[in-house]
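Input: a single structure, listed below in structure tokens.
The values are calculated or read from the model by the stated rules, or taken from the named source; none is laboratory data. Remember, it's a predicted structure, so these values are computed and weren't measured experimentally. In this analysis, Cβ positions are derived from the backbone assuming ideal geometry, glycine residues included, and neighbour counts consider all displayed protein chains. These accessible areas exclude ligands, DNA and RNA; they are computed on the full protein's heavy atoms, side chains included. Shrake-Rupley method; radii C 1.70, N 1.55, O 1.52, S 1.80 Å.
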Amino acid sequence: MLRYIVFFVFTGTFANGINWHSSQIILRHLYDLQDEQFAVIKEYLELETKRIHDLERYINYLYEKDTLLSPIGTSKFMSQVYKNLSEIKKLMNNYNSVKVINQFDEHKAVSEFNMQSAYRSLRRIQKVYAIPASDMAAGRYKDRTIGDPMDACECYFMSKYSFEEYDTYGVIDWAVQAYNKWFTDRPKCVDIDKLHYYTRSASMATGFSFETLLGFSNLNHSDYTELSAHFSLMANALNIRDISAQSSDKIYDKYDDFEQSNLFRHFRYLCREGKSVRPLTYDSKCRYQTKNSPYRMIMPFKEEDISSNPNIKLYHDIIYDEEIKTITDMASKDLSDAAYYFNGKITLLDDQRLGQLKWFSENANPILFGKLNDRIECITEYTTKTAEGYQTINYGLGGHFSVHMDAFTDGPKLNGNRLVTILFYMTDVPDDGYTVFPNLNYVAHCRKGSALVWLNLRLNNGSVHSGTFHGGCPVIKGNKWIMTKGLYEEGQHLTYNWRDNKIINIV
């Protein structure tokens, strides 16, 4: 995971516009692109080397003055000079080399935007899971190995981006690691003067005193006043004067206080704990469910009750390995950045959602999706004829979906509102990347082949159930594939007329 950062740094001139780190599938394409671009560069260098050698040969001939000693030699020399100068002019045009370098596709490489998004992904992982920079730089989280250790350059890079994002605690957290690693062999990639500057500015804003701690020399830097204005929101938030495990905990508590509502704070808490804190009730049961289907008498559904209000069930082994492989193979060929829908607008905000997405209609594979539709209709007892397509998502480094509702709250759509959500898990991600329902204190682990199914709406009037707020915790390590499908109100046997709901209420 942490090596993604290194890869971005050294391919930083090659790409543009795609959140490469948001999906391991997309990241593999970047490796392929890097190989293609390096092959172009190699051909360019070979052509340029030959061109320079040819230029040197022609120019050296011009200095062979012995030919001027005879009239015949002089005439021959003039003719050769004219020919050589013509060749030199052609070589100076550099036509063949330029033609090759034009193959260099600069529209697909890693841009400054990608770098910032990758930085935000690492910081998001830190904030959600409360991982100190010392642990992340060592490639560990609790008792897990989450990547290779980071060097001074990478830690400096994180401190630099924290500074540019006005993330004062991030500046300090990573500057300590960068300085300690830099002090050993002092790599040139670390601008120690700038690191001092970042740390002094952040220290002034937060109340930490790191200059003495890190042994910084007395360097003169200006513009503190303007910068401290940006940091004023967090100034004096903590009254901590040294580095300790306790101070790190307080830093992440302060992040929660400053940046998130109670709902989001509890979401983070559940992501960190990785387990549900709700008690099991008498009504919670696991069963083999046939839904009165003769076929399911032989292969019943493995159904588990999660919640009765709202109605949430977990089905085990409901999608099979060969089906998963077919779907992920199809999706891998044409993924795009996952969008976020809010208040009638579709936007690409990686702080809200980060991953790679592919929509499928049933026509993409009628047999496969027809079978899935049959299973969905059997377990939900609702029709899929008016449903949306299948949304397949791949999550990579820091891939997540912040707390949201699947139901629309800005008014009914063509086929009404999303009545039911079916979420298929197509990979195992046992230690992070959970699906969390903060209002229900429920944490669902990603188990390959299982599916969560829940009602978004109250069946008496179509209002949105507040218990369906949910989110996907950031992925620290691994490759998370999910697929969702929403069933709409149109065509269902309901006790209310959904067209009468001009205003959507959350209850």
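Full extension of the chain between Ile41 and Lys99 yields a length gain of 19.7 nm, computed as 0.36 nm times the residue separation minus the alpha carbon distance.
Expressed as a whole percent, the accessible area of the stretch 322-459 that falls on carbon and sulfur atoms is 51 (1.4 Å probe).
At the listed q of 0.12, 0.16, 0.18 Å⁻¹, the Debye profile of the stretch 378-505, built from one uniform point per Cα, gives log10 I(q)/I(0) equal to -0.47, -0.80, -0.97.
Legend: residues His316, His470, sorted from most to least accessible area (1.4 Å probe; ligands, DNA and RNA excluded), read His316, His470. Once Rg and the Kirkwood radius are both taken over the C-alpha atoms of the stretch 301-380, their ratio Rg/Rh works out to 1.03.
Which value, to two decimals, describes the C-alpha radius of gyration of the stretch 374-429 once divided by 2.2 N^0.38 Å?
On the way: Rg = 13.8 Å, N = 56, 2.2 N^0.38 = 10.2 Å.
Taking the Cα Rg and dividing by 2.2 N^0.38 Å, one obtains 1.36.
Counting only Cα atoms, the stretch 127-207 measures 34, 30, 18 Å along its principal axes, largest extent leading.
Other residues within the sphere of radius under 15 Å centred on the Cβ of Thr326, judged by their own Cβ, net out at -1 (K and R +1, D and E -1). For Leu459, the accessible surface of its heavy atoms amounts to roughly 80 Å² (probe 1.4 Å, protein chains only, rounded to the nearest 10). Sorting the segments 51-58, 435-442, 327-334, 369-376 by their residues' average number of neighbouring beta-carbon atoms within 10 angstrom, most packed first, yields 435-442, 369-376, 327-334, 51-58.
Kindly list the residues of the stretch 317-341 that lie in the label zone of Asp410, defined by a backbone N under 15 Å from the point 7 Å along the Cα-to-C-beta vector. Answer for this model: 339-341.
Checking the Cα-Cα distances for Lys413/Lys480; Lys371/Lys480; Lys181/Lys480 against a 25 Å cut-off, the pairs over it are Lys413/Lys480; Lys181/Lys480. A full extension of the chain between Tyr496 and Glu381 corresponds to an added length of 39.7 nm, given 0.36 nm per residue minus the alpha carbon distance.
Each residue, Phe183 and Lys285, gets one label point 7 Å from its Cα in the Cβ direction; the gap between the two is 6.4 nm.
For the pair Ile503 and Ser86, a Förster radius of 45 Å applied to the C-beta separation gives a FRET efficiency near 0.05, rounded to the nearest 0.05. Counting only protein heavy atoms and using a 1.4 Å probe, the accessible area of Lys83 comes to about 120 Å².
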